[in-house]
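K.L.:
My questions all concern the structure below.
The values are calculated or read from the model by the stated rules, or taken from the named source; none is laboratory data. The structure presented is a predicted model; accordingly, all values stated were derived computationally and were not measured. Cβ placement follows ideal geometry from the backbone for every residue including glycine, while neighbour counts extend to all protein chains displayed.
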Amino acid sequence: MNKPQTFLQIASSQGMETMERVIRRSAQLRQVDKLVRDMLAAELREHCRVANIRGDTIVLFVSSTVWATRIRYLIPKLLGELQQLEALKQITEIQFKVQPLTTAEPRKKSVRRVSMSRDAALCVEQCAASIDDVPLRSALQQLAKRRTDKR
């Protein structure tokens, strides 16, 4: 196993060769990732990434055990398709590692519904009944109908 290098070692003139190898390897993995993901059904693509290629083995990161199981059923088909490509004909095995995949997409905020008791809804309904402004009265009536405890 290779010993990790410091940034200064990588940035030195000898390190430039190392950096170029890292960049080439990264580009290779991105290319294989695209090939593998194009072979998968749309629903599986977002849950699977190529993590590494070690000898005759492709290692995939899968977002959960559920998706790993689904992809496991596709291994024979995937291997056949990969081996038809000249650059990947040596691949004979696919391994999985379950790891939640990170994306650049921001998380969606959950919508919090406001709760209203039966008494509060009754009060809003009575208030709406006494208002002459039709749009305001309608809005208050809609609000009263959205109460959460309908007992």
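K.L.:
Report yes if some residue within the range 134-148 is farther than 20 Å from I53 by Cα, of a type in the set (S, T, Y), surrounded by 11 or more Cβ atoms within 10 Å (Cβ to Cβ) and at pLDDT 85 or above; otherwise report no.
P.N.:
Taking every residue of the range 134-148 in turn, at least one turns out to be farther than 20 Å from I53 by Cα, of a type in the set (S, T, Y), surrounded by 11 or more Cβ atoms within 10 Å (Cβ to Cβ) and at pLDDT 85 or above.
K.L.:
Also: Please specify each residue of the range 59-73 satisfying the condition of being under 20 Å from the mean Cα position of the chain (by Cα) and either of a type in the set (K, R) or outside any helix (DSSP H, G or I) (or both).
P.N.:
Hits for the range 59-73 are V59, L60, F61, V62, S63, S64, R70, R72.
K.L.:
Mind checking which residues of the range 45-58 are within 13 Å of L78 (Cβ to Cβ), over 10 Å from the mean Cα position of the chain (by Cα) and surrounded by 16 or more Cβ atoms within 10 Å (Cβ to Cβ)?
P.N.:
Scanning the range 45-58 gives V50, I58.
K.L.:
Further question: Can you pull out every residue in the range 80-103 that is more than 21 Å from the chain's Cα centre (by Cα) and either of a type in the set (S, T, Y) or under 15 Å from A41 (Cα atoms) (or both)?
P.N.:
Listed by number, the residues that qualify are E81, T92.
K.L.:
Give T18, T69, T92, T65 a once-over and let me know the one that is surrounded by 12 or more Cβ atoms within 10 Å (Cβ to Cβ), modelled with pLDDT of 90 or more and among the hydroxyl-bearing types (S, T, Y).
P.N.:
After ruling out the rest, the residue left standing is T92.
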